[in-house]
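Engineer: The structure follows.
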Amino acid sequence: MLRKLTSTSSSWATVPLRLALGISFIGHGAEKVLGSFGGPGFSKFTSFPAPFPFMRPASVWMGAAAFAELIGGVLVLLGLFTRLGAFLIVCVMVTVIFGVLWPKFFAPDGMELAVAFLGIALALLITGGGQASVDRLIAGNR
């Protein structure tokens, strides 16, 4: 299982993708979990309604989304279990696109940034962390 989680390509193209996505999601997650950067913080964010009716209790789902953004961003930035971090971000972005932003595409309040984040996360889910990643270090030690 560890081998599948840490398998990665030898490409350098993943490095700027990981940096951009990781920094963005650490920031978004820190807003929601820690209240950083003027964000709502965990208690206020988890009091928001969930995007879909089946998401009950809403506070659990909203908390999971907040931590998925923060933890997913850290994992992607470090390139540690990159596929897992990217999967967490994919789950959040699909929910945001179809549960919150649909059908508006362009700003204000459009989904174009979420679609870009989804595309980057999917690319990392497919390729792994690539060069300069902890995954590569772990895979190289076997």
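Engineer: Relative to the longest principal Cα axis of the chain, at what angle does helix 14-34 sit, 0 to 90 degrees, rounded to 10?
Structural biologist: Tilt relative to the chain: about 40 degrees.
Engineer: Working from Cα positions, state the angle (0 to 90°, nearest 10) between the long axis of helix 112-127 and the longest principal axis of the chain.
Structural biologist: Its long axis makes an angle of about 30 degrees.
Engineer: Among the aspartates and glutamates, which fall within straight-line cross-link reach of Lys32, defined as a Cα-Cα distance under 16 Å, with same-chain neighbours fewer than 8 residues apart omitted?
Structural biologist: Result set, ordered by chain and number: Glu69.
Engineer: Here is a follow-up. Loop only by DSSP, 11 or fewer other Cβ within 10 Å of the Cβ. Give me the chymotrypsin sites (Phe, Trp or Tyr not before Pro) in the stretch 11-42 that pass, ordered by residue number.
Structural biologist: On the way: sites: Trp12, Phe25, Phe37, Phe42; in loops: Trp12.
Hits after loop and neighbour filter: Trp12.
Engineer: While we're here: Which peptide among 88-95, 132-139, 99-106 comes first, and what is the full order, when sorted by highest mean count of other Cβ atoms within 10 Å? Walk me through the numbers on the way to the answer.
Structural biologist: Working: 88-95: 21.1, 132-139: 18.4, 99-106: 11.9.
Order by mean packing, descending: 88-95, 132-139, 99-106.
Engineer: If you take percent of Cα pairs over 20 Å apart from the coordinates, which of (1) 55; (2) 48; (3) 43 do you get?
Structural biologist: From the options (1) 55; (2) 48; (3) 43, the structure gives (2).
Every read-out reported here was derived from the displayed coordinates using simple, explicitly stated rules and does not represent laboratory data. Just so you know, these numbers come straight off a predicted model, no measurement behind them. Here the Cβ is made from the backbone with ideal geometry for all residues, glycine too, and neighbour counts use every protein chain on show.
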